[in-house]
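A short write-up of the structure that comes next.
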Amino acid sequence: NLIESFFARKHQFSPTCCLFNLYGSTEVMADVSCQIFNSTNHLYDLLSVEGHVSIGSSIDNIRIEIIEPDERGVDELVVTGDGVANGYHNKNTINATTLAKQ
């Protein structure tokens, strides 16, 4: 298991070191959420039923919302706050359809 071997190796070099799972996308200037894992057990405790790893909680000055699923059953993640870009350079059509007005 990659996760367990990673934590075992990490522990050899630094027992107090933590794993940070950061999430960000093209439209944000950096990461917008963070989840810290202290150990393999902690990581497994936070896995979803489907085995997905948490992207954590929003960082300061960022708001994250999960919007209702679309016709395919896929949720949409909406990020607002200081770290979100104002738009794509010279891409007004894309800006109008993908970036929410604040």
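Nothing in this text is a laboratory measurement; each read-out follows from the coordinates by a stated rule. Just so you know, these numbers come straight off a predicted model, no measurement behind them. Neighbour counts run over all protein chains shown; Cβ positions are idealised from the backbone, glycine included.
Observations on the model:
- Cα-based helix-to-principal-axis angle, 2-13 vs the chain, degrees rounded to 10: 60
- Modelled this way, with points 7 Å down the Cα-to-C-beta line, the labels at residue 47 and residue 9 are 1.9 nm from one another.
- Residue order, fewest to most beta carbons within 10 Å, for 66, 55, 3: 66, 3, 55
- Label sites at residue 16 and residue 2, each approximated as a point 7 angstrom past Cα along Cα to Cβ, lie 3.0 nm apart.
- The trypsin sites (Lys or Arg not before Pro) of segment 1-82 meeting both criteria, a DSSP state outside H, G, I, E and B (loop) and at most 10 other C-beta atoms within 10 angstrom of the site's C-beta, are 72.
- Evaluated at q = 0.23 Å⁻¹: base-10 log I(q)/I(0), Debye formula over Cα of segment 28-102: -1.14
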